[in-house]
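Notes to accompany the following structure.
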Amino acid sequence: MIRRSKLTLRFAMIAAAFAAQSPLRAQEAMKHDQMMHEEAAKTLYTGKFHGKVHSTEGRATIYEQSGGKFVLRLTNFKTSNGPDVHVILVAIKNADDDVKSDTERIELGKLKGNEGDQNYQIPAGTDLSKFRTVSIYCERFNANFGVAPLEKF
């Protein structure tokens with residue numbers, strides 16, 4: 001009985017060690033896939049975030065993927081947490097302008113996290129020459145957390 005418990009414990013320890021390594025391998029594989037994906041994508045626009053009503057930092061980059069799809073990638077991104085925060089493309093000439101209710105915008109989705117790298121699909125047919133500023137925008141309080149004016153790469 002004691003021998004069986006030791007054997008069960010040993011298998012449990014081996015399984016735990018393997019499980020502990022699995023996320024690292026998964027992360028390495030995801031980084032490799034991401035790197036391969038980014039190499040195949042063409043960089044179109046990029047810009048650095050600066051805060052408006054909250055400290056916001058990082059880089060926004062628009063890539064054209066094979067097949068003509070566009071994706072916005074936020075890297076080294078960090079902002080405050082808040083309710084109902086969205087990532088939008090806005091048609092404003094000056095990134096210091098406020099996002100008003102009548103400002104033309106393209107919704108890319110709810111903010112996936114207030115820290116870290118993340119991707120957002122850009123809807124087909126979006127005029128990227130018109131929507132050249134990325135805004136981290138709180139719908140509930142009509143607050144522009146931060147913006148990244150985009151320039152051709």
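The values are calculated or read from the model by the stated rules, or taken from the named source; none is laboratory data. Just so you know, these numbers come straight off a predicted model, no measurement behind them. Note: ideal-geometry Cβ built from the backbone for every residue, glycine included; neighbour counts use all protein chains shown.
Where strands (runs of 3 or more DSSP E) fall entirely within segment 57-153, those with at least 3 residues that are under 19 Å from T43 (Cβ atoms) are at 57-64, 70-78, 118-122. Taking each residue of segment 112-131 that is assigned by TED's automatic domain parsing to the domain that holds K69 and surrounded by fewer than 15 Cβ atoms within 10 Å (Cβ to Cβ) and looking for partners that are among the hydroxyl-bearing types (S, T, Y) and modelled with pLDDT of 95 or more with beta-carbon atoms closer than 6 Å, six or more apart or interchain, yields D117/T75. Is at least one residue of segment 74-81 over 14 Å from the mean Cα position of the chain (by Cα) and free of Cβ contacts under 8 Å to residues at least 40 places away in the same chain? Yes, because at least one residue in segment 74-81 is over 14 Å from the mean Cα position of the chain (by Cα) and free of Cβ contacts under 8 Å to residues at least 40 places away in the same chain. Taking the criterion of being exposed (fewer than 11 other Cβ atoms within 10 Å of the Cβ) and more than 19 Å from K48 (Cα to Cα), the only residue of segment 82-97 that qualifies is P83.
Condition check ((1) crowded, with 19+ Cβ neighbours inside 10 Å; (2) at pLDDT 95 or above; (3) more than 25 Å from K130 (Cβ to Cβ); (4) aliphatic (A, V, I, L, M)) across all residues:
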position	(1), (2), (3), (4)
K52	yes, no, no, no
Y63	yes, yes, no, no
L74	yes, yes, no, yes
K78	no, yes, yes, no
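If you check K100 against the conditions, is it farther than 13 Å from F49 by Cα, surrounded by fewer than 15 Cβ atoms within 10 Å (Cβ to Cβ) and either more than 12 Å from the chain's Cα centre (by Cα) or among the aromatic types (F, W, Y) (or both)? It is true that K100 is farther than 13 Å from F49 by Cα, surrounded by fewer than 15 Cβ atoms within 10 Å (Cβ to Cβ) and either more than 12 Å from the chain's Cα centre (by Cα) or among the aromatic types (F, W, Y) (or both).
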